[in-house]
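These notes concern the structure reproduced below.
The values are calculated or read from the model by the stated rules, or taken from the named source; none is laboratory data. If you're wondering where the values come from, they're calculated on a predicted model, not measured in any experiment. So basically every Cβ, Gly included, is an ideal-geometry build from the backbone, and we count neighbours across all protein chains shown.
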Amino acid sequence: LSLAPEEQKAFWRNVQFTVDKDVVRTDRSNQFFRGENNPNVETMRRILLNYAVYNPAIGYSQGMSDLVAPILAEVLDESDTFWCFVGLMQNTIFISSPRDDDMEKQLMYLRELLRLMHVRFYQHLASLGEDGLQMLFCHRWILLCFKREFPDAEALRMWEACWAHYQTDYFHLFICVAIVVIYGDDVIEQQLATDQMLLHFGNLTMHMNGELILRKARSLLYQFHLLPRIPCSLHDLCKLCGTGMWDSGYIPAVECTGNHPDSDSCPYGGMVDEPSPKSGNDCRRGLKTREVFAFRK
């Protein structure tokens, strides 16, 4: 580690202790990391420490060991795993803390998707107030890219589906919605409170059908692209990080939600959709849009 003496002290104090504590607890049920003095655990430790030096702006955050472990178990080589992990961190929206602004943006997008795609579930969340709309049950899904929700093979398939950036950089949010659509009926029917929702989805860990969820997420993305217009709050979900073979050039019409406290007009050029005086409350265009999402299990 090519650091000044004082920087080395701060590094070992703030980073090494956390890495050492995390690696010995990561995927120990996996044969690749099982047992005392397992050299693969030490390899994972070196990768994480080297990454913290390589990218001091991010350093190390709790949960990174969960992301590097399946890569190491698959790739096997330390150097290749390190560079794969560097690429993962560059191309994945990694959240170092649930209070980060990035996390708040993710939750805002997810709330808007649920409002559009699963109105009954969103209404239940809203009925619980601010605690419900914080959606604590899905924080770990986003933070660790579903790593702890599915067996490694299924989790890696979900990672690859997200990395493909097919028509959106936010496919992981469509996976979140798919989980809610498939496994969230009991939440609505039993009117579960916030802590009960957390327990409900927590009990589903390692028991969900990853293939079914991926199919549903792809279907939701397809239906999203069929919409004649979308709320301006979801405009960024249609933007891609870069052009490529999967870039369809999808540019939707935008309907302004009117929620722009820092601007007098919609930054995306959306127009507020006023209900027609000839139509009743049940015939507003917004409701017609939501009718596109008819779910089948």
> Just a yes or no: is a residue in the stretch 53-64 without any contact (Cβ under 8 Å) to a residue 24 or more places away in the chain, assigned to a helix (DSSP H, G or I), out of contact with any helix residue (DSSP H, G or I) (no Cβ under 8 Å at 6 or more places or on another chain) and outside the structural domain of LYS216 (by the TED database)?
Replying inline: no
> Out of the stretch 1-52, which residues are in a helix (DSSP H, G or I), free of Cβ contacts under 8 Å to residues at least 12 places away in the same chain and not charged (D, E, K, R)?
Replying inline: PRO5, GLN8, ALA10, TRP12, PHE17, PRO39
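Being loosely packed, with under 14 Cβ neighbours inside 10 Å and within 22 Å of the chain's Cα centre (by Cα) is true for just one of ILE71, ILE58. Which residue is that?
Values: ILE71 fails: loosely packed, with under 14 Cβ neighbours inside 10 Å.
Among ILE71, ILE58, only ILE58 is loosely packed, with under 14 Cβ neighbours inside 10 Å and within 22 Å of the chain's Cα centre (by Cα).
The rows are residues; the columns are (1) surrounded by 12 or more Cβ atoms within 10 Å (Cβ to Cβ); (2) modelled with pLDDT under 95; (3) assigned to a loop (DSSP other than H, G, I, E, B).
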site	(1), (2), (3)
ILE188	yes, no, no
GLN191	no, no, yes
LEU204	yes, no, yes
HIS207	no, no, yes
LEU220	yes, no, no
SER233	yes, yes, no
ASP236	yes, yes, no
GLY244	no, yes, yes
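Among the residues of the stretch 158-170 satisfying the criterion of being of a type outside the set (Asp, Glu) and in contact with a Leu (Cβ under 7 Å, 6 or more places away or on another chain), which is nearest to PHE32 (Cα to Cα)? Can you show your working first?
Applying the first criterion (of a type outside the set (Asp, Glu)) to the stretch 158-170 yields 158-159, 161-168, 170.
Checking the rest, the ones that are also in contact with a Leu (Cβ under 7 Å, 6 or more places away or on another chain) come to 158, 161, 165, 167-168, 170.
Details: MET158: 21, ALA161: 25, HIS165: 30, GLN167: 35, THR168: 34, TYR170: 31 Å.
Step by step, filter the stretch 158-170, then rank; the result is MET158.
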> Does the stretch 29-50 hold any residues that are surrounded by 13 or more Cβ atoms within 10 Å (Cβ to Cβ), closer than 14 Å to LEU72 by Cα and of a type outside the set (A, V, I, L, M), and which are they?
Replying inline: ASN30, PHE32, PHE33, ASN38, ASN40, THR43, ARG45, ARG46
>> Based on this model, can you work out whether LEU199 counts as assigned by the TED database to the domain that holds LEU234 and either surrounded by fewer than 18 Cβ atoms within 10 Å (Cβ to Cβ) or free of Cβ contacts under 8 Å to residues at least 24 places away in the same chain (or both)?
In response: yes
>> Show me the helices (runs of 4 or more DSSP H) found entirely inside the stretch 65-165 where at least 1 residues are hydrophobic (A, V, I, L, M, F, W, C) and farther than 24 Å from ASN30 by Cα.
In response: 101-117, 119-127, 130-133, 152-163
> Going by the conditions given, is VAL180 surrounded by 20 or more Cβ atoms within 10 Å (Cβ to Cβ) and either among the β-branched types (Val, Ile, Thr) or without any contact (Cβ under 8 Å) to a residue 60 or more places away in the chain (or both)?
Replying inline: yes
> Is it true that ALA10 is among the small types (Gly, Ala, Ser), over 22 Å from MET158 (Cβ atoms) and loosely packed, with under 13 Cβ neighbours inside 10 Å?
Replying inline: yes
>> Would you confirm, using the coordinates I've provided, whether LEU88 is among the hydrophobic types (A, V, I, L, M, F, W, C) and surrounded by fewer than 19 Cβ atoms within 10 Å (Cβ to Cβ)?
In response: yes
> Within the group SER61, SER29, which residue is modelled with pLDDT under 90 and within 19 Å of LEU156 (Cβ to Cβ)?
Replying inline: SER29
> List the pairs whose first member sits in the stretch 156-168 and is farther than 11 Å from CYS238 by Cα, whose second member is assigned to a helix (DSSP H, G or I) and modelled with pLDDT under 85, and whose Cβ atoms are under 7 Å apart, counting only residues at least 6 apart or on separate chains?
Replying inline: TRP163/ASN91
